[in-house]
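All remarks here apply to the structure that follows.
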Amino acid sequence: MACPLTTCGGKPLSMVPSRTQGYDAIVVGAGLSGATLAYRLAKRDLRVLVLERGDFLRLPPWRAGDPIGIHIRSAPARPSVVGGPTKFYGTAMYRMREIVGGPTKFYGAAMYRMRESDFRAIRHEAGESPAWPITYNDLEPYYCEAEELYRVHGSTEEDPTEPPHSVSYPYPPLPHAPMVSELVDRLRNSGTTVSPMPRALDYGPGGKCVLCSTCDAYYCRLDAKMDADVAALRPALRSGRVDLVTQARCLRILTNERGTKTTGVLMERDEKQETVHANIVAVCAGLGPSAALLLDSRTSRHPAGLGNSTGCVGRYYGGHDTGMVFPLLSFTGSLPPMHTKTFSINTYYNGTPDWPYPMGVIQADAVVEEGACKAGGKAQYLLFLHDRGASNARIRICVRWRTHCRNAATRAKPKHIQETPSPRHRSVQEGGISGGRSASPLAMASGRNGAFRHGSRDLGVGSQLQGARD
């Protein structure tokens, strides 16, 4: 029988303080933000309750000879989770969202600081993203603490966009696999600026990480990936000042009669509702569920929902927009298993002289094997992700095809590889990665056609958030 509270120990729900006795703070959601906040509040000697709608992801223990990682699409369904797949998330996102640790149980452990330019007003092709009310310097000390907690390996050198650090990364950059190192050298020889990727892994003397080939989009059965559960929530629970209730749905945030302060939450578990009191309620349930909870907590004083006096809650979302680049490494031979996510290219993060809009980061990601080609054998690629994060511009990727198989020609091209760029990008493709140096086996170009038109398309309270409530 599963533990009624957590697999790490704890009290059954009936023993959680209610009404007459409460917590200092309640955190809704046990993902990256919720787990990290609970850890920090516990360090400040506050009593904290964490409510998680899902449960722990329970998978068979790792045995020698088994793959270390389990891909997200192979993760088992969890019928005990409150709710199910929705239009808002889909099956894969549902699997990431409804577990202790949230999406970080499957993330690639890339831990970038936001750049200084991210806090300023940024002009995109689809419109302007306004400036933040805070600056990078306001958050810099907390970045240092987070990097220590999540054991981030990185370097402040070589990245043209790296913001100032008051303290260096706590651990050195990860080493490149031999074939990745060769590719990095080729990129640098082409004039491309390549930088180490900051990664949150338990790697080094005494660490659990073995730099396997099953990392990004995989669940790590060695607990070597510093996700929200491993790095933050478990230490928080061990402090004795944090309680975790899983399979619990937060129905609404409670306020005083004047609507000027929070007093706690109304939660539901096992079809039983209960009120838990706290003066601080942190909503860390993810993009859709957080907005839905604020809207569902409407009162006569806040008829549009809590924190929604501007009507912006649940609106003006950005998209995590990703393109892919496949440099061909081999047509006939099999590539050995390798850890590839160790370098990135940030040269185009803030745009280029002929394209003034931000284009994001290019990350080495994984080895991809294409099925048998007509020319014989299998094609092996190294997958790059061009990730603009929460942007308003779609990335268009153009790949320069190079074959290592003399007779393959174009008939062996996988159907998902597109060689013809738009006219404005043809010169970039012909010139290679650096727009004039052809030593690189691939070329990348920025795109147009805004994926999410800022202010012109409402992705909020309608069908999107309705799915999050169901």
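The values are calculated or read from the model by the stated rules, or taken from the named source; none is laboratory data. Predicted model only: the values in this text are computed from it and were never measured. Note that we place each Cβ from the backbone using ideal geometry, even for glycine, and neighbour counts take in every protein chain shown.
Just a few scattered comments:
- The listed residue being of a type in the set (Asp, Glu), crowded, with 16+ Cβ neighbours inside 10 Å and out of contact with any Pro (no Cβ under 9 Å at 6 or more places or on another chain), out of GLU274, GLU257: GLU274
- Extreme residue, farthest from the chain's Cα centre (by Cα), among residues of the stretch 199-223 that are touching a residue at least 60 places away in the same chain (Cβ under 8 Å), assigned to a loop (DSSP other than H, G, I, E, B) and under 19 Å from ALA64 (Cα atoms): VAL210
- Looking across the stretch 247-279 at every residue that is of a type in the set (Asp, Glu), over 31 Å from the mean Cα position of the chain (by Cα) and not in a strand (DSSP E or B), the one that is farthest from TYR39 (Cα to Cα) is identified as GLU257.
- Residue in the stretch 52-62 that is hydrophobic (A, V, I, L, M, F, W, C), surrounded by 12 or more Cβ atoms within 10 Å (Cβ to Cβ), modelled with pLDDT of 60 or more and in contact with a Phe, Trp or Tyr (Cβ under 9 Å, 6 or more places away or on another chain) present: yes
To keep it simple, each residue is scored yes or no on (1) crowded, with 17+ Cβ neighbours inside 10 Å; (2) farther than 21 Å from LEU335 by Cβ; (3) of a type in the set (Asp, Glu).
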{"residue": "GLU157", "(1), (2), (3)": "no, yes, yes"}
{"residue": "HIS165", "(1), (2), (3)": "no, yes, no"}
{"residue": "LEU174", "(1), (2), (3)": "yes, no, no"}
{"residue": "SER181", "(1), (2), (3)": "no, no, no"}
{"residue": "GLY204", "(1), (2), (3)": "no, yes, no"}
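- Residue pairs meeting the criteria (Cβ under 9 Å; at least 6 apart or on separate chains; first touching a residue at least 24 places away in the same chain (Cβ under 8 Å) and within 15 Å of CYS220 (Cα to Cα), in the stretch 46-66; second in a loop (DSSP other than H, G, I, E, B) and among the small types (Gly, Ala, Ser)): PHE56/ALA2; PHE56/GLY101; LEU57/ALA75; LEU57/GLY101; ARG58/ALA2; LEU59/ALA75
- Number of positions in the stretch 304-317 that are within 30 Å of ILE362 (Cβ to Cβ) and at pLDDT 90 or above: 0
- Matching entry among ALA282, ALA304, ALA291, ALA236 (being within 25 Å of the chain's Cα centre (by Cα) and surrounded by fewer than 22 Cβ atoms within 10 Å (Cβ to Cβ)): ALA282
- Unique residue being touching a strand residue (DSSP E or B) at 6+ places or on another chain (Cβ under 9 Å), modelled with pLDDT of 80 or more, over 26 Å from ALA146 (Cα atoms) and not polar (S, T, N, Q) when the list is PRO17, PRO67: PRO67
- Among the criteria (1) part of a helix (DSSP H, G or I); (2) in contact with a helix residue (DSSP H, G or I) (Cβ under 8 Å, 6 or more places away or on another chain); (3) among the aliphatic types (A, V, I, L, M), the one LEU244 does not fulfil is (1).
- Residues in the stretch 96-149 that are assigned to a helix (DSSP H, G or I), charged (D, E, K, R) and surrounded by fewer than 19 Cβ atoms within 10 Å (Cβ to Cβ): GLU116, ASP138, GLU140, GLU145, GLU148.
- Among residues of the stretch 105-130 that are under 30 Å from ILE68 (Cα atoms), those with a Cβ under 7 angstrom from a residue that is buried (at least 18 other Cβ atoms within 10 Å of the Cβ) and among the aromatic types (Phe, Trp, Tyr), sequence gap 6+ or separate chain, pair up as LYS105/TYR219; PHE106/TYR218; PHE106/TYR219; MET111/TYR150; ARG113/TYR143.
Results for (1) surrounded by fewer than 22 Cβ atoms within 10 Å (Cβ to Cβ); (2) modelled with pLDDT of 95 or more; (3) of a type in the set (S, T, N, Q), shown as yes or no for each residue.
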| residue | (1), (2), (3) |
| --- | --- |
| LEU201 | no, yes, no |
| LYS208 | yes, yes, no |
| THR214 | yes, no, yes |
| ARG221 | yes, no, no |
| ASP227 | no, yes, no |
| ALA232 | no, yes, no |
| LEU244 | no, yes, no |
| ARG252 | yes, yes, no |
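- HIS320 meets the conditions (1) under 23 Å from the mean Cα position of the chain (by Cα); (2) at pLDDT 90 or above in every case but one. The failed one is (2).
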